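Taking it in order: structure first as structure tokens, then the write-up.
The values are calculated or read from the model by the stated rules, or taken from the named source; none is laboratory data. Note that this is a predicted model, so its numbers are computed, not measured. As a convention, Cβ positions derive from the backbone with ideal geometry for all residues, glycine included, and neighbour counts pool all protein chains shown. Protein only, heavy atoms only, side chains kept; ligands, DNA and RNA dropped before computing areas. Shrake-Rupley method; radii C 1.70, N 1.55, O 1.52, S 1.80 Å.
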Amino acid sequence: MNRIRLLTSSELCLCTCFLLVLIYRGWSQLFYDWTVSYSQLAPLGVDKQVIVINGMFPGPVLYASTNDVVNVNIHNNLTEPFLMTWNGVQMRKNSWQDGVQETNCPILPGQNWTYSFQLKDQIGSFFYFPSLLLHKAAGGYGAIHLNNLPIIPIPFPQPYKDYAVLIGDWFNADYRDLRASLENGVFLPHPDGILINGLGPNQARFEFEPSATYRLRISNVGLKASLNFRIEDHPMLLVETEGSYLIQQYYDSLDIHVGQSYSVLVTAKNQANGKSYYMVASSRFTILEHSGIGVIHYPDSAGDPVGPLPLGPGLSNYNFSIEQARSMRWDLIASAARPNPQGSYQYGTIPITRTLILENNVMVIGSKQRFTINGISFMHSDTPLKLLDYFQLNEESKYAAAAALPSSATSVVDAFYRDFFHIVFQNPLLEVQSWHIDGYNFFVVGMGWGLWDESKKAGYNIVDAVSRSTVQVYPLSWTAILMELDNLGTWNLRSQNAENWYLGQELYIRVKGVWNWLDEQSDISARDEVPIPDNVIKCGRAADL
């Protein structure tokens, strides 16, 4: 006779823990098939060739959860080479999939290539966009929503629905004409307007049910304009930015700079009394103010909103913006991608390995205006740096130290795994700058007016600074970040302002394994960095290897 043995309490606890580990480590294989092509559209009433994905502008939302493996097969039906980058997705140990010019050879017209990457230990709100040839000025972007594993609860009640809200400046001119102007040293003009989800005024509509709570995942996908986002008579509870949960605070409006993403919760009214409400994204710090207008619609709403738009901050009110940025704090108690609280990572106790001071500027190089970091304007190699390193091909690179004279170079910062960097972005110009680092989040520990010096460290937030991947630097000011280099690979540090990036304002951080003095090389195992993919595209000097 078979007997059933009951588990002891300790065995039951062990089995439960084992099951939780399996659930936590669980992941799915996701497959997307995207065709990138042109379509004639008129978001602001002027016909223009727009880049669409599967016929959609913006492209489809990429939905995934922590640790999922994403496979995106991209067919390039454009007339030009194409790359897609995944703004804020860390590509853990896998810069081969980053989709920028010095990590990937482009997908040629008529060809396809599959990106394959794991969303290791990430949640949050992000977006993707084309990284080559100013294609972003024609669209090609879309939202990325990364959800928690079921075992890790979100730190707020489950919203009734998620909405992607992609806001950005828009230019009616063809992107090729804009690109040609930049190459001739003529900067981008003022935008022609602001789009919300690729649509012009009063075209983007969001349906609200009475008393329901909605999560709006808002990303500034534009080229250069900082935007203020607000909803008429609907306060916004800020809960997350770029994969980090924040101390929850209400805001009437949010300044969102180029490349940044936020999540807010908005609770619908109990009764709309026949009204509908404006959603506004208006340009900041510009000579002319442009506004993108969406509509919040209730079941009993009678038509579009009427009356004036809800007011935002003054067009040039920098103090409002910087104080709002300083008011945001990391939620030390909430768990994000892992079950342990965010605050268990105490970044303020880690010794700094190296300090970089990076000053942006605009200079004349070879009779044309170029954007620089420390006097150096980035010059692309004929072969991606990632392939040059892998095949051990000779290539001169230069750390972006202060140049005696403005110059062009392939700027690379070499660093070792687990280095802890202190980076200061110094902005001597009269425009807001926006900076992004691929492969990482970093802690925004300080920002202020004037020149940075060592005394500013005394005012750093070393406890609950926001962890994110894109940060603004105000005119005539500085911003300081701390970042642990725990992700091997070659990673792009760039201006998110499209014209600055296109005209040279970037560098690469090459994070290597620990140096082996005996063999005179850095040790990198397959455990620490993903090997070269089987389907890698080879070009330039690596084409025949």
So, in the range 326-339, of the ones that are surrounded by fewer than 17 Cβ atoms within 10 Å (Cβ to Cβ) and modelled with pLDDT of 95 or more, which residue ends up farthest from Ser226 (Cα to Cα)?
Ile333
The residue from Pro157, Pro130 that alone is over 30 Å from Gly504 (Cα atoms), of a type outside the set (Ser, Thr, Tyr) and touching a residue at least 40 places away in the same chain (Cβ under 8 Å) is Pro157
Does Pro150 satisfy the criteria of being open to solvent by 40 Å² or more (accessible area, probe 1.4 Å), touching a strand residue (DSSP E or B) at 6+ places or on another chain (Cβ under 7 Å) and assigned to a loop (DSSP other than H, G, I, E, B)?
no
Per the filter on the range 344-371, residues open to solvent by less than 20 Å² (accessible area, probe 1.4 Å) and either farther than 30 Å from Leu503 by Cβ or free of Cβ contacts under 8 Å to residues at least 40 places away in the same chain (or both) are Tyr347
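Within the range 78-91, take every residue that is assigned to a loop (DSSP other than H, G, I, E, B) and farther than 13 Å from Trp113 by Cβ and give me the one that is most open to solvent (accessible area, probe 1.4 Å).
Ranking the candidates gives Thr79 first.
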With Val239, Val258 as the choices, which residue is of a type outside the set (Gly, Ala, Ser), over 17 Å from Phe129 (Cβ atoms), in contact with an Asp or Glu (Cβ under 9 Å, 6 or more places away or on another chain) and open to solvent by less than 10 Å² (accessible area, probe 1.4 Å)?
Val239
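Which of the strands (runs of 3 or more DSSP E) found entirely inside the range 375-477 contain at least 1 residues meeting this: of a type in the set (Ser, Thr, Tyr)?
376-378, 407-409, 433-437, 470-473
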Please enumerate the residues belonging to the range 412-455 that are open to solvent by 60 Å² or more (accessible area, probe 1.4 Å) and either more than 26 Å from Phe126 (Cα to Cα) or among the hydroxyl-bearing types (Ser, Thr, Tyr) (or both).
Asp414, Phe416, Tyr417, Leu430, Trp449, Leu451, Asp453, Glu454, Ser455
Looking only at the range 194-232, which residues are crowded, with 23+ Cβ neighbours inside 10 Å, of a type outside the set (S, T, N, Q), in contact with a Phe, Trp or Tyr (Cβ under 6 Å, 6 or more places away or on another chain) and within 23 Å of Leu44 (Cα to Cα)?
Leu195, Ile218, Val221
Specify the residue that is nearest to Ile293 (Cα to Cα); the eligible residues are those in the range 22-34 that are open to solvent by less than 60 Å² (accessible area, probe 1.4 Å) and at pLDDT below 95.
Ser28
Restrict the check to the range 130-143 and report whether at least one residue is over 20 Å from Leu503 (Cα atoms), at pLDDT 95 or above, open to solvent by 30 Å² or more (accessible area, probe 1.4 Å) and not basic (Lys, Arg).
no
Check the range 101-124 and report whether any residue there is outside any helix (DSSP H, G or I) and closer than 17 Å to Lys48 by Cβ.
no
Read through the list (1) outside the structural domain of Leu238 (by the TED database); (2) closer than 29 Å to Lys456 by Cβ; (3) loosely packed, with under 12 Cβ neighbours inside 10 Å, then give the number of the only condition that Glu323 fails.
(1)
Taking the residues in the range 281-299 that are over 26 Å from the mean Cα position of the chain (by Cα) and at pLDDT below 95 as candidates, determine which candidate is least open to solvent (accessible area, probe 1.4 Å).
Leu288
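This table checks each residue for (1) at pLDDT 95 or above; (2) surrounded by 14 or more Cβ atoms within 10 Å (Cβ to Cβ); (3) outside any strand (DSSP E or B).
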{"site": "Ile4", "(1), (2), (3)": "no, no, yes"}
{"site": "Leu7", "(1), (2), (3)": "no, no, yes"}
{"site": "Leu20", "(1), (2), (3)": "no, no, yes"}
{"site": "Val36", "(1), (2), (3)": "yes, yes, no"}
{"site": "Pro43", "(1), (2), (3)": "yes, yes, yes"}
{"site": "Asn67", "(1), (2), (3)": "yes, yes, yes"}
